[in-house]
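Quick notes on the structure that follows.
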Amino acid sequence: MTARGRRLFARLVITLVAVVGLSSVGALPASGHSVGKGRYVPLGDSYAAGQGGGAGSYVNNCLQSRNGYPALLDAHKRIRLRANPTCTGATTHQVGTKQIRALKRSTRLVTLTVGAADLGLSAVLAACTAGTPAQCDTAIRSAGLLLPPRCGDDSPLGDRLTDLYAAVATKAPKALIVVTGYVPLFQLAPADPGLAIKAQINGATTLLNCAIEKAVADAQAAGVDIVYVDVADAFAGHEIGGTGVPFINPPGTGTEAFHPTAAGYMAYAAAISAVLPSSPSRTGRDQKGTT
């Protein structure tokens, strides 16, 4: 992105963030929070790549979008996207064996959205929106084998994530690692005939976020400079069936379905921006006074 393009894009992002009312999660500041110019690498799956950001916005077969949150963060004056290995469908294994190669010792910011593909959530959504109730239930149960029984419990997925975070910290020891959760897809309404299925899917997403958040906490306890960003509040009222500006593409929208809209990715970018350190030369660990 050229300097002029970044300036124009930054103005557009800030304007649109204000329009859709994201001040509660920290609208992207004009000055830009930063962890050092030119040292940002995003990792992860379709939510990290920007799938759903809008037809015509994709730049490659990984469905990376110009409207995805990596591009929005790149619009900050002091953050420059140096590499973007994100790809739709990426699992924790693929991030840890392939995408991680993009990290350098000089990397200062890493964002991570990953875990849903490990569960086969795309298959779950297909079974629950186009299959029978029995097929939906089977798909959810299969995904649930990797999830914790309750928030705070250990889980196979949590173990994978903890290992991945440690590997990222080893490859980029100077980086602040910002890990995002996923969004509950549906606004639940008592009169909705599909309420039970939608509640199951939202429940699985909640447990997925619990596994991610616990893995982040475990990594923090081991000394990794890492933070978790919960985006659920930013999407409240904007889910499928919500009354606000749509942040999630509904069923029937092809490859866009069940992924954030352009406005939804602004919500992600704003939530990430809110946790970034204010100093352009210090990581989150530096600001806490530790080494």
### Message
Can you find, within region 101-117, the residue that is farthest from Thr206 (Cα to Cα) among those that are of a type in the set (A, V, I, L, M) and assigned to a loop (DSSP other than H, G, I, E, B)?
### Response
Leu103
### Query
So how many residues does region 56-100 have that are assigned to a loop (DSSP other than H, G, I, E, B) and not aliphatic (A, V, I, L, M)?
22
### Query
If you take the residues in region 43-82 that are of a type in the set (A, V, I, L, M, F, W, C) and either over 17 Å from the mean Cα position of the chain (by Cα) or farther than 25 Å from Arg108 by Cβ (or both), which one is modelled with the lowest pLDDT?
Ala55
## Note on the structure
If we ask which residues in region 107-145 are at pLDDT 95 or above and among the hydroxyl-bearing types (Ser, Thr, Tyr), their number turns out to be 3
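Results for (1) modelled with pLDDT under 90; (2) within 26 Å of Gly120 (Cβ to Cβ); (3) surrounded by 17 or more Cβ atoms within 10 Å (Cβ to Cβ); (4) of a type outside the set (D, E, K, R), shown as yes or no for each residue.
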| position | (1), (2), (3), (4) |
| --- | --- |
| Thr180 | no, yes, yes, yes |
| Ala189 | yes, no, no, yes |
| Leu207 | no, yes, yes, yes |
| Glu213 | no, yes, yes, no |
| Val216 | no, yes, yes, yes |
| Phe258 | no, yes, yes, yes |
| Arg282 | yes, no, no, no |
### Summary
So, first residue under 17 Å from Cys210 (Cα atoms) and in contact (Cβ under 8 Å) with a residue 24 or more places away in the chain in region 134-154, second residue of a type outside the set (S, T, N, Q) and exposed (fewer than 15 other Cβ atoms within 10 Å of the Cβ), Cβ within less than 8 Å, six or more apart or across chains; the pairs are Leu146/Pro156; Pro148/Asp154
### Query
Between a first residue in region 193-205 that is surrounded by 14 or more Cβ atoms within 10 Å (Cβ to Cβ) and a second residue that is at pLDDT below 85 and not in a helix (DSSP H, G or I), which pairs have beta carbons less than 7 Å apart while being 6 or more apart in sequence or on different chains?
Lys198/Asp192
### Message
Name the single residue that is farthest from Cys128 (Cα to Cα) among those in region 172-211 being among the β-branched types (Val, Ile, Thr) and part of a helix (DSSP H, G or I).
### Response
Thr206
### Query
Of all residues in region 118-142, how many are crowded, with 22+ Cβ neighbours inside 10 Å and under 22 Å from Asp163 (Cβ atoms)?
3
### Task
Could you tell me whether region 139-150 includes any residue that is of a type outside the set (Lys, Arg), touching a strand residue (DSSP E or B) at 6+ places or on another chain (Cβ under 7 Å) and in a helix (DSSP H, G or I)?
no
### Query
Does Thr162 meet the test of being surrounded by fewer than 23 Cβ atoms within 10 Å (Cβ to Cβ), free of Cβ contacts under 8 Å to residues at least 24 places away in the same chain, β-branched (Val, Ile, Thr) and under 14 Å from Gly96 (Cα atoms)?
no
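The values are calculated or read from the model by the stated rules, or taken from the named source; none is laboratory data. These figures come from a predicted structure and were not determined experimentally. Don't worry about glycine lacking a Cβ; one is built from the backbone with ideal geometry, like all the others, and counts go over all protein chains shown.
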